[in-house]
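Enquirer: First the structure, which I've put down as structure tokens, then a few questions once you've had a look.
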Amino acid sequence: MAALFTCCLGCCGDGGTGHIPLKEMPTVQLDTHHMGTDVVIVKSGRRICGTGGCLANAPLHQNKSYFEFKIQSSGIWGIGVATQKVNLNQVPMGRDINSLVLRHDGSVYHNNEEKNRLPANSLPQEGDIVGITYDHVELNLYLNGKNMHCPASGIRGTVYPVVYVDDSAILDCQFSDFYHTTPQGFEKILFEQQIF
């Protein structure tokens, strides 16, 4: 009987350890299936250059999400949230109902309307880290860990982090292992199966 029990455990395909291998969770990164035609994604889906936009591969399902972008090289750029209907070849974004973005000039646009603006003395520069919080109602901006008190809202539906570049801009995306402390109550983006 003991031999039969040992045989059954040994036949389970895990070498008899009794452990079931867990499926590794995917990494949040820029999605090469949802990017503009002239966009280049490198550094394991974390760096964008070229011309156009790209969505991340995970929607913002949880209540309070946080992510960051580092400006590696200045130029024309924008960061924020967008639906999958956004035109990733159109720069700048924020011209329609499908994106809500901070532009390189400090303006926050949605549906071709300026929703807010960073203070003139707080425009992101090369080397700066811009953090974004989103709670399904309001997007807020952080510059090098400091809350800019620059809320914007208006976008509806399932949204994803979005970034666009042009004119030699290069941005790095940080979806975990953040440069700055996550604002209270917010956390990294979770895939839907990680929430439950």
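The values are calculated or read from the model by the stated rules, or taken from the named source; none is laboratory data. All values reported here derive from a predicted model rather than from experimental measurement. Methodologically, a virtual Cβ is constructed for each residue, glycine included, from the backbone with ideal geometry; neighbour enumeration extends over all protein chains shown. Heavy atoms of the whole protein, side chains included, go into the accessibility calculation; ligands, DNA and RNA do not. Shrake-Rupley method; radii C 1.70, N 1.55, O 1.52, S 1.80 Å.
Enquirer: Subtract the Cα-Cα distance of Ser73 and His180 from 0.36 nm times their separation in residues, and report this length gain in nm to one decimal.
Expert: Working: separation 107, 0.36 × 107 = 38.52 nm, distance 1.98 nm.
This chain segment gains 36.5 nm when fully extended.
Enquirer: While we're here: Roughly speaking, to the nearest percent, how much of the range 98-196's 1.4 Å accessible area is carbon and sulfur? Can you show the working numbers first?
Expert: On the way: 1970 of 4790 Å².
About 41 percent, which is the carbon plus sulfur part of the accessible surface.
Enquirer: Treating only the Cβ atoms of Lys and Arg (+1) and Asp and Glu (-1) as charged, compute the dipole magnitude of the chain about its Cα centre; round to the nearest 20 debye. Intermediate results must be reported in sequence, preceding the final value.
Expert: Working: 14 positive and 19 negative charges, 31 e Å.
Result for the chain is approximately 140 debye, rounded to the nearest 20.
Enquirer: Here's a follow-up. Cα-Cα pairs above 19 Å in the range 61-117: how many percent?
Expert: Details: 503 of 1596 pairs.
Taking all Cα-Cα pairs of the range 61-117, the fraction more than 19 Å apart is 32 percent.
Enquirer: Distance check, please: which entries in Lys85/Lys115; Lys115/Lys146; Lys43/Lys146 exceed 22 angstrom between their Cα atoms?
Expert: Values: Lys85/Lys115 20 Å; Lys115/Lys146 20 Å; Lys43/Lys146 27 Å.
Correct reply: Lys43/Lys146.
Enquirer: Additional query: Report, largest value first, the span of the C-alpha coordinates of the range 88-195 along each principal axis, in whole Å.
Expert: 35, 31, 26
Enquirer: In terms of Cα to Cα distance under 14 Å, which aspartates and glutamates are near enough to Lys188, apart from those fewer than 8 places away along the same chain?
Expert: Glu68, Asp135, Asp177
Enquirer: At Asp135 and Asp105, where each label point lies 7 Å from the Cα along Cα→Cβ, what is the point-to-point distance in nanometres?
Expert: 3.0
Enquirer: Top to bottom by accessible area (1.4 Å), largest first, where do Tyr66, Tyr179 land?
Expert: From most accessible down to least: Tyr179, Tyr66.
Enquirer: What residue among Val159, Val39, Val137 has the largest mean-square fluctuation in a Gaussian network model of the chain, using Cα springs under 10 Å?
Expert: Maximum among the listed residues: Val137.
Enquirer: A further question follows. List the extent of the Cα atoms of the chain along each of their three principal axes, largest first, rounded to whole Å.
Expert: Taking the Cα atoms of the chain, the three principal extents are 78, 36, 31 Å.
Enquirer: While we're here: Report the FRET efficiency, 1/(1 + (r/R0)^6), for Phe191 and Ala120, where r is their Cβ-Cβ distance and R0 is 25 Å, rounded to 0.05. List each step's numbers first, then the result.
Expert: Values: r = 38 Å, r/R0 = 1.54.
Computed FRET efficiency for Phe191 and Ala120 comes out at 0.05.
Enquirer: Once you list every other residue whose beta carbon is under 13 Å from the beta carbon of Ser65, what net charge do they have if Lys and Arg are +1 and Asp and Glu are -1? Don't skip to the answer; put the middle values down first.
Expert: Numbers: positive: Lys64, Lys188; negative: Glu68, Asp135, Glu138, Glu187, Glu192.
That works out to -3.
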